[in-house]
Amino acid sequence: MIKVDEKGFYGKFGGAYIPEMLHPNIEELRDNYEQIVATAEFQEEFQSLLRDFVGRPTPLYFAKRMSEKYGAKIYFKREDLCHTGAHKVNNTVGQIILAKKLGKKRIIAETGAGQHGVATATVCALMGMECTIYMGALDIQRQRPNVERMRILGAKVVPATSGSQTLKDATNEAMRQWINNPVDTHYIIGSVVGPHPYPEMVARFQSVISEEIKKQLLEKEGTENPDILIACVGGGSNAAGTFFHYYNVPEVRLVAAEAAGLGISSGKSAATTALGTPGILHGSKTLLMQTEDGQVVEPHSISAGLDYPGIGPVHAHLFDIGRAEFVAVEDEDAMKAGIELSRMEGIIPAIETAHAVHALNMIAYKKDDIIVINLSGRGDKDLDTYIKWGGY
Ligand SMILES: *Cc1c(COP(=O)(O)O)cnc(C)c1O
């Protein structure tokens, strides 16, 4: 049975490894979130925003031409059609309602490529909340359009200037700010990472994905259960949402696509289960890429959303017990899969998502198996990367 325990562990992984200064913030959240989320009032507001603001349910689309090519029934869950272009907004909508119910006035968040920052700035505008986004100084230079989106939406974007000036430094800065403003501030984490209760909370907000897949597949195929589910994994929130209602349905295979970057053994990779060892990252015990003396190794992936040295604790557990199959997809193969999906189905995917699409070439399946791939986001944000790569 895959289920988080009271201390936030999935098997060996999870928990809340945080400085003492953060205990009050985390305890407040842990003690209140389940109760608030279970109220009819919360659910009504959440469901109505998912429907009218995010645009849910997202379609489950049968990909006819790709099904013919691969000899399986391939469906895409169209999270790319969510408002702001990816699944991330499912979580930020849930957390902003929660923050309001907790009486918070300010929101802070970290962002790497800026997708979570945009999804957070969007819901802050919606609710009239003050919003500060911490972002690595280098990422601010590299992701100009998303920085400007956040500013247009009224958010303040603060550069993190320590370390490599990327995502992990932005996370450190957001944590520091949270410690200093515990009473009026809520920290919206963007994936199934961080100290308990974040991983489970984010997974529950994203679980609307698998809830809808079950209903939609029942309508289209007469069964709730596909043979195989595939999703890409950075921190693992879209994968957790896709797998959530199937964790304990053993006949459904779960496939997680990590980013191999230039190759698992190239030294430029983000394939966490292939290269990682147990350790503590951003408040939870999980698998992470680290040196023998515990220094975090800089990850690499062509997709900013998968460029993370760790993985959510639930995925470390799924890997550990063999419940999910992990494949590591190289940059070049992901780019080609992105072009294939564009040309065969008329959908330009986010490059993160393209990793999940390529996984079709890396797993075994039977003829006419039902395969559902979570299309986590659209490719608009990645046009520059497609152009620079140029192989189309
Ligand atoms: C951020 C992002 C991801 C990676 O995040 P997860 O938490 O692993 O889902 C994947 N796809 C898209 C489109 C993203 O924006």
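The values are calculated or read from the model by the stated rules, or taken from the named source; none is laboratory data. The shown structure was predicted, so the numbers you read here are calculated from the model rather than taken from an experiment. Quick reminder, even Gly has a Cβ in these numbers, built from the backbone with ideal geometry, and neighbours come from all protein chains shown. The accessibility values were calculated without ligands, DNA or RNA, using every heavy atom of the protein model including side chains. Shrake-Rupley method; radii C 1.70, N 1.55, O 1.52, S 1.80 Å.
I'd like the distance between the alpha-carbon centres of segment 295-312 and segment 190-239, rounded to an integer number of Å.
If you average the Cα positions of each part, the centres end up 21 Å apart.
Considering only the other residues whose Cβ falls under 14 Å of the Cβ of GLY163, what net charge follows from Lys and Arg at +1 and Asp and Glu at -1?
Charge balance near GLY163 sits at -3.
Which pairs in the list LYS336/LYS388; LYS73/LYS336; LYS69/LYS336; LYS64/LYS367; LYS69/LYS215 are over 18 Å apart, alpha-carbon to alpha-carbon?
LYS73/LYS336; LYS69/LYS215
Roughly how many nanometres apart are two label points built 7 Å out from the Cα toward the Cβ at GLU34 and LYS220?
3.5 nm
Report the relative contact order of the chain, percent, no decimals, based on alpha-carbon pairs under 8 angstrom and at least 6 residues apart.
19 percent
For the chain, take the longest principal axis of its alpha carbons; what is the angle in degrees between that and the long axis of helix 115-127, to the nearest 10 within 0 to 90?
Here the helix axis deviates by roughly 60 degrees.
Would you calculate, for the chain, the mean residue ellipticity at 222 nm contributed by helices, counting each DSSP H stretch of 4 or more residues as -39,500 (n - 2.57) and dividing by all residues, to the nearest 500?
Helix-only estimate at 222 nm: -12000 deg cm²/dmol.
Accessible area, 1.4 Å probe, largest first: how do ILE108, ILE348 sort?
ILE348, ILE108
For ASP320 and SER265, calculate 0.36 nm times their separation in residues minus their Cα-Cα distance, and state this gained length in nm to one decimal.
Full extension of this stretch gives 17.7 nm more.
Using the beta-carbon distance between LEU383 and GLU211 and R0 = 35 Å, what value does 1/(1 + (r/R0)^6) give for FRET efficiency, to the nearest 0.05?
Approximately 0.65, to the nearest 0.05.
Normalising by the residue count of segment 297-392, find the relative contact order in percent from Cα pairs under 8 Å and 6+ residues apart.
25 percent
Full-extension gain between LYS156 and TYR17, please, as 0.36 nm times their residue separation minus the C-alpha to C-alpha distance. Show your work: numbers first, answer last.
Values: separation 139, 0.36 × 139 = 50.04 nm, distance 2.86 nm.
Using 0.36 nm per residue and subtracting the Cα-Cα distance, I get 47.2 nm.
If you bin the C-alpha pair distances of the chain every 20 Å from 0, what whole percents do you get?
Bins of 20 Å from zero give 30, 62, 8 percent of pairs.
If the cut-off is a Cα-Cα distance under 17 Å, which aspartates and glutamates reach LYS168, setting aside same-chain residues fewer than 8 apart in sequence?
Those aspartates and glutamates meeting the cut-off are GLU110, ASP139, GLU298, ASP307.
Averaged per residue, what accessible area in Å² does segment 319-366 show with a 1.4 Å probe, protein chains only?
Accessible area per residue: 39 Å².
Let me check something: with ligands and nucleic acids excluded, how do ASP380, ASP331 order by accessible area (1.4 Å probe), largest to smallest?
If we order ASP380, ASP331 from most to least accessible, we get ASP380, ASP331.
Taking a spot 7 Å from the Cα of GLU251 along the direction of its beta carbon, which residues of segment 353-367 have an amide N less than 20 Å from it?
In segment 353-367, the label zone of GLU251 (backbone N under 20 Å from the point 7 Å along Cα→Cβ) covers 364-367.
Give the angle, between 0 and 90 degrees and rounded to the nearest 10, that separates the Cα long axis of helix 208-221 from the longest principal axis of the Cα atoms of the chain.
20 degrees
Got a number for carbon plus sulfur as a percent of segment 1-134's accessible area, 1.4 Å probe?
52 percent
Using 0.36 nm per residue, how much length does the chain from PHE53 to ARG142 gain when fully extended, once their Cα-Cα distance is taken away?
Extending this stretch completely gives an extra 29.2 nm.
By residue number, which cysteines of the chain lack any other Cys whose Cβ falls under 4.7 Å from their Cβ?
Flagged as lacking a Cys partner: CYS82, CYS232.
Would you kindly find the accessible area of GLU352, with a 1.4 Å probe and non-protein molecules such as ligands, DNA and RNA excluded, rounding to the nearest 10 Å²?
Roll a 1.4 Å probe over it and GLU352 shows about 20 Å².
Keeping all protein chains in the complex and leaving out DNA, RNA and ligands, what accessible area do you get for TYR365 with a 1.4 Å probe, in Å² to the nearest 10?
Taking all protein chains as shown, TYR365 has close to 70 Å².
To the nearest 10 Å², what's LEU281's accessible area with a 1.4 Å probe?
About 20 Å², rounded to the nearest 10.
Measuring from centroid to centroid over Cα atoms, what is the spacing of segment 240-272 and segment 1-60 in Å?
22 Å
With every protein chain kept in the model, how would you rank TRP178, TRP389 by accessible area, 1.4 Å probe, largest at the top? Don't jump to the answer; show the numbers that get you there.
Details: TRP178 10, TRP389 60 Å².
Reading off the accessible areas and sorting them downward yields TRP389, TRP178.
For the chain, modelled as a GNM with alpha-carbon contacts under 10 angstrom, which of THR84, THR120, THR353 fluctuates the most?
THR84
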